[in-house]
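Here's the structure, in structure tokens; my notes come after.
The values are calculated or read from the model by the stated rules, or taken from the named source; none is laboratory data. Since the structure is predicted, the reported quantities are computational estimates derived from the model, not experimental observations. All Cβ positions, glycine included, derive from the backbone under ideal geometry; neighbour counts span all protein chains shown.
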């Protein structure tokens, strides 16, 4: 499934080369740093949800970098020779094997508001469609996460519903928005 050293997209950002590619073992340190930033942001916003410890290198190595039995498209955004963003789309199992789930997309804070999240997500969606051969991609987001929802809409995802009070956040229950991107035949 993994395509070692495969570059999916190269483009220019403010005069510098940006690369979206499949991850390599050498990306582990950068990916862990980006994911720790993501954890800190979530915690600073009051998120107490238990997540895998980003210091658990073996888990991240097996999940994100190493070839795996589960089918997924995991891409990194490389800027200045370092992995500064990550996206992961996992194929679901039977009887939903025609679908995939967007599990994470994150761009390091210093590279935000430059359209990189959109390019990263669009590239991952295109790659997932080809590699995983899925008919739709599903995601969930906090209903009040307007920045993420705007990104998803701009990438062609459609709102399918809201689960009210689905998650405890900062001492109150918040809704979860479900979205889907359908692929035409």
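Going through the range 143-172 one residue at a time, which ones are within 20 Å of residue 113 (Cα to Cα), surrounded by 12 or more Cβ atoms within 10 Å (Cβ to Cβ) and at pLDDT below 90?
Matches in the range 143-172: 145 only.
Give just the number: which of (1) at pLDDT 60 or above; (2) not in a strand (DSSP E or B) does residue 76 not satisfy?
Checking residue 76 against (1) at pLDDT 60 or above; (2) not in a strand (DSSP E or B), the one that fails is (2).
Can you name the residue in the range 97-121 that is surrounded by fewer than 16 Cβ atoms within 10 Å (Cβ to Cβ) and in contact with a strand residue (DSSP E or B) (Cβ under 9 Å, 6 or more places away or on another chain) and is also farthest from residue 178 (Cα to Cα) among such residues?
So the residue we want is 110.
Looking at (1) touching a residue at least 40 places away in the same chain (Cβ under 8 Å); (2) on the phi > 0 side of the Ramachandran plot, can you tell me which one residue 156 breaks?
Among (1) touching a residue at least 40 places away in the same chain (Cβ under 8 Å); (2) on the phi > 0 side of the Ramachandran plot, residue 156 violates only (1).
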